[in-house]
Amino acid sequence: MKEKDFNKTFGDLPPEDFSNESRQELSDIKRIYDIVINDAGPDPPESMDTRFYEMLENETLKSGNKKFGSIMTMATSSAAFRRALNIAAGIALFIAGWLGASFSGNSGNKKQLALLTNELSDLKESLVLTMMKQSSPVERIQAVTMVTTMDKVDSEITICLLSVLSYDPNDNVRLVALETLAGYADIPEVREGLIRSISHQQSPLIQIRLAELMLALEEKRSVEEFRKILSDITLDYNVRTRLTETIEVLL
Amino acid sequence: MKVVDGDVDKFGILYERYKKSMFGYFFRLTHGDTAVSEDLAHAVFYKALKYKHSYRGTGTFAKWIFHIAHNIGVDYYRKMKRISSSEYLSHLHQEDKYENNDIEREEDLSLLSRAMGYLSHEDREVLILGKIKELRYSEIAEITGNTESAVKTRIFRALKRLKDIYLKLETTQYERERL
């Protein structure tokens, strides 16, 4: 996502607001603006998740939606799975730390330590790749979510995520893959993959999210892909309107 | 749109997408009050689910849900105005607790949080909305009932006020540390 640019945003304000300010004044305001914009804020407490999913459960029961079981399983098992993974990572770090402390200074053992760290990273990657191929959508969502906990993501993972985005039979899995990939949109291959995936989407939610993303990225190459979707005469009216607006802004 | 059509379980995905920005919105608005921010953010998602049919799909979902948040924030502010000013001020001046190892950045944010406490509710809100990446300025204008240029002017003037307060607090803190 592109940051909201200070000069672009405020440069066209009337002179009494912007251009009459001294250079020092503008520089101070810009400094405050940067702090405000870059303040990511805290993560919400876990209790907020619990309250939300309890509310959703009640609401779903009221509306007679039987799919809810999968949501609760997804929310709880995903959290439990992440905890288990964190414990495993903690144990691995402890072993790595112990090895490091025991053999510090020895370059041979430093190499062993680096090897161990790489192996752990590979193990996590293999786990993610295996889980992405599971038949259960919940497990595939867990796999995609796990990617965000990885220190670095290689092309094997991004290719797999792009494949999930284009071909996974479940819309929820695709949407989570899209949200994850959006975080790597600065990688040219990922960006191209995101553009290519547009014409594979049937879900209005994903089509609109992709349109928002392409707008944020100011990605003109996506226009052709959106036009392919627009050629479908059965396309949802709201999606049609949104895609048309997106194309107008991009061009 | 599937949520609007009654496919309620999709709402979980929307919640996951907006929970951080929604919590952050109220966290800044209430000056780091975690409990109140959680309550207000929960109220937003509750209302969004309850009144899902009012989302027509004509604007972004972000705009729609932050419109609800804006109304809830205004109600909260009105209630806060009814309580004693000293209680309100002590509430405003609570410092944020950031889990951040970067001391300088932590100090910046803590100072920023205190400085925000001296702004009006409207100035504070427009600054917080302005930093949400999913929202365009035209959408912030719709949420707050202004024109786009008025929103930009308001943000700029709020930034100016914030800068004055921030620098004052920074100088005071520097002088206090020297003593």
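The values are calculated or read from the model by the stated rules, or taken from the named source; none is laboratory data. Bear in mind that the values here come from a model prediction, so they are computed numbers and not experimental data. Glycine gets a Cβ as well: all are built from the backbone with ideal geometry, and neighbour counts include every protein chain shown.
Couple of notes before you dig in:
- Against the criterion of being out of contact with any strand residue (DSSP E or B) (no Cβ under 8 Å at 6 or more places or on another chain) and at pLDDT 90 or above, A:L205 does not qualify.
- Every condition in (1) farther than 21 Å from B:A141 by Cβ; (2) under 14 Å from the mean Cα position of the chain (by Cα); (3) in a helix (DSSP H, G or I) is met by B:H31 except one, and the failing one is (3).
- Within segment A:187-207, considering residues that are within 13 Å of chain B (Cβ to nearest Cβ) and in a helix (DSSP H, G or I), the one nearest to the chain's Cα centre (by Cα): A:I206
- Contact map, segment B:32-48: first residue farther than 20 Å from A:A40 by Cβ, second residue of a type in the set (A, V, I, L, M), Cβ cut-off under 7 Å, separation 6 or more or different chains; pairs are B:H42/A:M48; B:A43/B:I72; B:Y46/A:M55; B:K47/B:I68; B:A48/B:I65; B:A48/B:I68.
- Single match in A:S63, A:S19, A:S27 (criterion: modelled with pLDDT of 75 or more and either of a type outside the set (F, W, Y) or touching a Phe, Trp or Tyr at 6+ places or on another chain (Cβ under 7 Å) (or both)): A:S27
- Looking across segment B:131-168, the residues that are more than 8 Å from every other protein chain (Cβ to nearest Cβ) and among the small types (G, A, S) come down to B:S138, B:A141, B:G145, B:A150, B:A158.
- Matching residues in segment B:114-146 - criterion: being part of a helix (DSSP H, G or I) and small (G, A, S): B:A115, B:G130, B:S138, B:A141
- Helices (runs of 4 or more DSSP H) fully within segment A:126-186 that include at least 3 residues being free of Cβ contacts under 8 Å to residues at least 60 places away in the same chain and over 15 Å from the mean Cα position of the chain (by Cα): A:155-167.
- Just so you know, in segment B:2-54 the residues that are surrounded by fewer than 18 Cβ atoms within 10 Å (Cβ to Cβ) and facing chain A (nearest Cβ under 7 Å) include one that is modelled with the lowest pLDDT, and it is B:K2.
- Residues located in segment A:22-60, provided they are more than 8 Å from every other protein chain (Cβ to nearest Cβ) and assigned to a loop (DSSP other than H, G, I, E, B): A:S22
- Residue ID - farthest from the other protein chains (Cβ to nearest Cβ), chosen from residues in segment A:213-251 that are touching a residue at least 12 places away in the same chain (Cβ under 8 Å) and among the β-branched types (V, I, T): A:V223
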